[in-house]
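Take a look at the structure below.
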2 protein chains.
Amino acid sequence: MTLNVVSVTVDLVLLTIRQAALQVLLIRRGIPPYPDRWALPGGFVLPGEDLGEAAARELREETGLDPQHGHFEQLATYGTPGRDPRGRVVTVAYLALLPDLPSPVPGSDAAGAAWRPAAEITPGELAFDHDRILADGLERARAKLEYTPLATAFCPPEFTVADLRAVYETVWRTRLDPRNFHRKVTGAEGFIEPTGGTVIRDRGRPAQLFRRGPATLLHPPLLRQPAPQAQSSRVGGTSRSSDL
Amino acid sequence: MTLNVVSVTVDLVLLTIRQAALQVLLIRRGIPPYPDRWALPGGFVLPGEDLGEAAARELREETGLDPQHGHFEQLATYGTPGRDPRGRVVTVAYLALLPDLPSPVPGSDAAGAAWRPAAEITPGELAFDHDRILADGLERARAKLEYTPLATAFCPPEFTVADLRAVYETVWRTRLDPRNFHRKVTGAEGFIEPTGGTVIRDRGRPAQLFRRGPATLLHPPLLRQPAPQAQSSRVGGTSRSSDL
DNA sequence: GTAATAGTGTCTATGAGACATTATTGA
DNA sequence: TCAATAATGTCTCATAGACACTATTAC
């Protein structure tokens, strides 16, 4: 049995909410292949380095943040022959949900890095198969907001219920009733905890401040579909057969 | 930038229900490393072969089945340095849910292959890091039964409601009320469709036969926890931060 | 007949969305 | 005062689980 020689990279889908839009960090490539094209940040896994470590290192290099500042998980692995013209490259994609960064993205080794609204990325715009990786990451993020308290990963350490609602509305591209939303998130045990403080955003009654709670699963879940009587509508992120 | 040279393998978590138990296909290793130890079936990805193709090829070699016979999806990727004493090996794990096979498992290049009850695998029994891969696969399977119609992947083309209920009870290790279960699965649109036929298992009223429907997502989902008033109890398969 | 399994109906509690109402601030 | 936002309460409908009841078979 001969060992098959392959290069392994990690690619990052870094999502945040800036200017009331779901944005993704993209790198403008300076060198071939795909010069001057936008791509997901990423790089080769170093010898002796674990996959998650390599992804965390890239995260730090691109944003200065540690994985603990938001949510960080493995997304999927892509290895179709020919996906990289330089040779056989298998990439392990990671997904991170991050709070809005106070500081701008520092320049890296690429020609430029920028947060771009996810809705504005046109199909075929990204290098390699990064369109698909990004699409998988977005779907994973949307699905996870339903069953997990991960929406808080987009928020700063202290946030209001309205802040949290804005996360859901932005990621799902829907409107949610503020009163029912408030009742649901404050009623879901372990989701958010009051800090005791309040804040006044513009005008209106001061809002309580919360921090994320200890729950890792939402009971009951918040549901995307307004009227849950649909049938086989959407294809979930990993629910198709014969997945790559 | 130097290309990091790595070997890439695929490993398979093949699950089925046999003798009223959730069973996993294991291979008895004949050669080092880990001689005489049980391991998940797998092998190296061939040059020019896509990851999913390699996994499907291994599935055919081990069971004679195609991915369409059940459910087949990518699980996760594991690449911790030292996980394989032969060198840097990154493995992409796939999960398959299969119906009970009428024919026994044909012998492969390994010393032996056998279906083993998943509950009987003791921690540390499997070679490499296959304990963890198996645990991740089991948790993924359990979670997916809630939100998707994948339980039908464990069933033959035609099955009864009681057959389907047995799948849930076996995978979740719980008892479900037959009457409520019947109402829920027949009420979930696109989950199962009556074929018109009936069958008598032992004695009792004949049961209608069903086939899987077109739905890819269950509305409403079937829930595992009997009394959904718990809080941060279970850690979902991919919901922890800083995932590998 | 009895036992066993399949399938339907009914009851109650809970959570959903819709929406009124009160509370607290700035202008 | 008014406008705006925060927070709570009420109403109705759908679905959950518990469980009674009927249907159809083997023995």
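Some observations on this one:
- Taking the criterion of being part of a loop (DSSP other than H, G, I, E, B) and aliphatic (A, V, I, L, M), the residues of region B:92-102 that qualify are B:L98, B:L101.
- Close pairs from region A:152-166: first within 14 Å of another protein chain (Cβ to nearest Cβ) and in contact (Cβ under 8 Å) with a residue 12 or more places away in the chain, partner of a type in the set (D, E, K, R) and away from DNA strand C (no atom under 16 Å from the Cβ), Cβ under 6 Å, at least 6 apart: A:T152/A:R212
- In region B:123-142, residue surrounded by the fewest Cβ atoms within 10 Å (Cβ to Cβ) [restricted to those that are within 14 Å of chain A (Cβ to nearest Cβ) and away from DNA strand D (no atom under 16 Å from the Cβ)]: B:E139
- Answer residue from region B:143-163, given it is in contact with a helix residue (DSSP H, G or I) (Cβ under 6 Å, 6 or more places away or on another chain) and part of a helix (DSSP H, G or I) and is nearest to B:P214 (Cα to Cα) among those: B:L150
- Residues within region B:186-225 that are touching a strand residue (DSSP E or B) at 6+ places or on another chain (Cβ under 7 Å), away from DNA strand C (no atom under 12 Å from the Cβ) and within 14 Å of another protein chain (Cβ to nearest Cβ), tallied: 3
- Residue check for B:D66: surrounded by fewer than 21 Cβ atoms within 10 Å (Cβ to Cβ), among the acidic types (D, E) and at pLDDT 95 or above: no
- For the residues A:R165, A:R173, A:R140, the requirement of being within 19 Å of the chain's Cα centre (by Cα) and not assigned by TED's automatic domain parsing to the domain that holds A:Q208 singles out A:R140.
- Within region B:39-91, considering residues that are outside any helix (DSSP H, G or I) and basic (K, R), the one nearest to B:A135 (Cα to Cα): B:R83
The values are calculated or read from the model by the stated rules, or taken from the named source; none is laboratory data. Please read these numbers as outputs of a predicted model, since none were measured by experiment. Positions of Cβ are generated from backbone atoms using ideal geometry, with glycine treated the same way; all protein chains shown enter the neighbour counts.
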